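The values are calculated or read from the model by the stated rules, or taken from the named source; none is laboratory data. Note that the structure is a prediction, hence the values are computed from the model and not measured. All Cβ positions, even for glycine, are placed from backbone atoms using ideal geometry, and neighbour counts span all protein chains on display. Just so you know, the surface numbers come from the protein's heavy atoms only, side chains and all, with ligands and any DNA or RNA stripped out. Shrake-Rupley method; radii C 1.70, N 1.55, O 1.52, S 1.80 Å.
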Amino acid sequence: MLPSKTTNLLEYVQDQLNERKGIWSQTSLSSGVPYSTIAHIAQGVTANPRVKTIQALLEYFHAKPIKPAK
């Protein structure tokens, strides 16, 4: 799922990271984004992450969508 027109990319990435809280280590390893960067983005500490960081996370989210709970 891609962000809606009313959601900016950073908000989308933060939402996706918060939905994946508890598997940030896996997200880090699979995306190549350092764990501390993931934590800082999710917590709002990093307000303006690099484009390459957002791109890596978006590619990971696309490749590994969250499976809905049954």
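Just name the residue that is modelled with the lowest pLDDT out of those in the stretch 41-54 that are within 16 Å of Asn18 (Cα to Cα) and surrounded by fewer than 15 Cβ atoms within 10 Å (Cβ to Cβ). In this case the residue turns out to be Ala47. Within the stretch 28-52, being part of a helix (DSSP H, G or I) and over 9 Å from the mean Cα position of the chain (by Cα) holds for Ser28, Leu29, Ser30, Ser31, Tyr35, Ser36, Thr37, Ala39, His40, Gln43, Val51, Lys52.
In this entry, Val13 passes the filter for residues that are surrounded by 15 or more Cβ atoms within 10 Å (Cβ to Cβ) and either aliphatic (A, V, I, L, M) or at pLDDT 95 or above (or both).
Against the condition modelled with pLDDT of 95 or more and open to solvent by 70 Å² or more (accessible area, probe 1.4 Å), how does Val33 come out, does it pass? The answer is no for Val33. Consider the stretch 18-27 and keep the residues that are more than 14 Å from Glu59 (Cβ to Cβ) and in a helix (DSSP H, G or I). The one that is most open to solvent (accessible area, probe 1.4 Å) is Glu19. Within the stretch 41-70, residues that are under 13 Å from Leu9 (Cβ atoms) sit with their Cβ atoms under 8 Å from residues that are in a loop (DSSP other than H, G, I, E, B), at 6+ positions apart or across chains, in these pairs: Ile41/Pro49; Thr53/Val33; Ala56/Gly32; Ala56/Val33; Leu57/Val33.
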